[in-house]
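As structure tokens, the structure follows; a few thoughts come after it.
The values are calculated or read from the model by the stated rules, or taken from the named source; none is laboratory data. Given the structure is predicted, the values throughout are model-derived calculations rather than measurements. Cβ atoms come from the backbone with ideal geometry, glycine included; neighbour counts cover every protein chain shown.
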Amino acid sequence: MPFDIETILPRLQDEVASYNTPVVDLIAVQTRDPYKVLVATILSARTKDEVTAKAATRLFKLAPDLASLEQLSEPELEKLIHPVGFFRNKAKHLAQLPGVLDRLFNGVIPDEVEPLTKLPGVGRKTANLVVTAAFNKPAICVDTHVHRIMNIWGYVTTKTPLATETALRKKLPQNFWRTVNSTLVAFGQGMCKPLRPHCDLCPINSECPQLGVTARRIPGEEKKKPHTKGKKFISWNVNGIRAMEKKGFADIVHELDADIIALQEIKAQPDQLSEELKNLPGYKSFWYPAQRKGYAGVAIYTKKEPLQVLHGLSHDIHDGEGRVLTLEYDDFYFVTAYFPNAQHGLARLDYKLEFNRDLHRFMDELSAKKSVVLCGDLNVAHKEIDLTNPKQNQKNPGFSPEERQWMDSFLDSGYMDTFRMFNQEPNQFTWWSYRFSARQKNIGWRIDYFCVDKKSAKRVKKATILSDIMGSDHCPVQLDFT
Ligand code: SF4
């Protein structure tokens, strides 16, 4: 049955009427002032609504209009809007705003998308939101919530917010253009959340096809163990961080709220990254790219400053491919690694085994000093239980006897595969081919791991696979560690 958007969206508008109104809509309704809507929209990117609301109130007290905004220096603006996400960049953009508006538009805020995108700090999403919220004109503001939910419903099948905007312009009845963003932002924050949506309470549960969704467990069904004193670590092969950024990476990081997030296969040099990616609010980031552009590379985001950062394994080839990055803390080392692929015909098996041995030696050196956590894409499914078709893959890269033997010897020498400390079930995978709808059919491999040295096993509280988080052909894995 086709998804009946014309009845669903009005029902959701009623549903979200009792939720918190997104801050930009609130300012639009309260002020009807394009200047305030524009500034609030700039402040609101990657920031919680309550933080935006407080920062906007402080700013509008001193700068209720463009003329007074022009009197404020960049440091003053930084102080006023802190702690909104990327406050330094946003302060710079706000300081430039009156001058650019004067130069390009005679000091008048434009009411159309294209001219608005010429203003500092204003991308398509912001521009669309200003056109609808401030000028009440039809435009479709597609943020990650609109993009995500429209794809969950199968109303569009798109890979990026821009593609969703284009598809919706052709398909969505115009009477919904103005309201679809505020409805789905509120609905996406309150009910259809990016991680484990509350499908059990959802008013459109029976009509929603829930494409690619893993709903939350119903409260009470399984007692939730709160993430209290322990540390939450995430490891994720993102298969290209720049593509991942367009799929809502920053929102996913925000939702995951982990202490450390390790990434593999970033496929980018730091100078190719946006400022937003390099400075996610609350995190310090460390990047270790491959020398070859668009290939391999690892990175780590951490909330807590490490004592030191160790790059690589002191080996020209491994390090030229950006394969290993280590952070040292008081009582543990955190190592992330992107193991080489043995490649078709096992052409690179010898190199891979050399890397494995060097990494193993490095781990032993670290574990002689303190606890050590290794995470990453090990590019090997250890046992038959760890992939869908073990028989057909006996001689293939990632399941060759040599690679599996190395994994045996690694674990036998004193390391734990933390996921198997808790879960002995089959069909638990972290990678699925993009072909043949493999992910939908759960035809996959478990090749992403968190391992710890044996003496630290008691510090492991939980190890899980977050298979409902989309965006890459791998999903993230999680370790809860004390
Ligand atoms: S049923 Fe679940 S996935 Fe579908 S809209 Fe509701 S909360 Fe979202």
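Only helices (runs of 4 or more DSSP H) whose full extent lies in the range 10-106 are considered here, and the ones with at least 1 residues that are without any contact (Cβ under 8 Å) to a residue 12 or more places away in the chain are 23-31, 49-62, 66-70, 74-81, 87-105.
Of the residues examined, Val131 is not one that is closer than 21 Å to Gly188 by Cα and either crowded, with 23+ Cβ neighbours inside 10 Å or among the hydrophobic types (A, V, I, L, M, F, W, C) (or both).
Listed here are the residues, each with its yes/no results for (1) outside any loop (DSSP other than H, G, I, E, B); (2) among the acidic types (Asp, Glu); (3) within 24 Å of Arg459 (Cβ to Cβ).
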position: Ile234; (1), (2), (3): yes, no, yes
position: Met244; (1), (2), (3): yes, no, no
position: Ala250; (1), (2), (3): yes, no, no
position: Glu255; (1), (2), (3): yes, yes, no
position: Ala258; (1), (2), (3): no, no, yes
position: Asp271; (1), (2), (3): yes, yes, no
position: Glu276; (1), (2), (3): yes, yes, no
position: Phe286; (1), (2), (3): yes, no, yes
position: Gln291; (1), (2), (3): no, no, no
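Taking every residue in the range 403-418 that is on the phi < 0 side of the Ramachandran plot and pairing it with any residue that is part of a helix (DSSP H, G or I) and modelled with pLDDT under 95, at least 6 positions away or on another chain, the pairs with Cβ-Cβ distances below 7 Å are Tyr415/Lys454; Met416/Lys454; Met416/Ala457.
Please specify each residue of the range 429-438 satisfying the condition of being touching a strand residue (DSSP E or B) at 6+ places or on another chain (Cβ under 7 Å) and either at pLDDT 95 or above or among the hydroxyl-bearing types (Ser, Thr, Tyr) (or both). Reasoning before the result, please.
Pass one, the range 429-438, residues touching a strand residue (DSSP E or B) at 6+ places or on another chain (Cβ under 7 Å): 429-432, 438.
Matches in the range 429-438: Phe429, Thr430, Trp431, Trp432.
Is there a residue in the range 109-117 that is without any contact (Cβ under 8 Å) to a residue 40 or more places away in the chain and at positive phi? There is no residue in the range 109-117 that is without any contact (Cβ under 8 Å) to a residue 40 or more places away in the chain and at positive phi.
Let's see how each residue does on (1) away from the ligand (no atom under 16 Å from the Cβ); (2) modelled with pLDDT of 80 or more; (3) not aliphatic (A, V, I, L, M):
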position	(1), (2), (3)
Cys208	no, yes, yes
Leu211	no, yes, no
Arg216	no, no, yes
Lys224	yes, no, yes
Lys229	yes, no, yes
Glu245	yes, yes, yes
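Restricting the range 144-167 to residues that are away from the ligand (no atom under 16 Å from the Cβ) and under 17 Å from the mean Cα position of the chain (by Cα) leaves a set whose member that is surrounded by the fewest Cβ atoms within 10 Å (Cβ to Cβ) is Lys159. Every condition in (1) farther than 16 Å from Gln13 by Cα; (2) of a type in the set (D, E, K, R); (3) away from the ligand (no atom under 13 Å from the Cβ); (4) surrounded by fewer than 21 Cβ atoms within 10 Å (Cβ to Cβ) is met by Arg178 except one, and the failing one is (1). Could you list all residues from the range 185-200 that are of a type in the set (A, V, I, L, M, F, W, C), more than 8 Å from the ligand (Cβ to nearest atom) and either over 20 Å from Ser44 (Cβ atoms) or in contact with a Cys (Cβ under 8 Å, 6 or more places away or on another chain) (or both)? The answer is Leu195, and nothing else.
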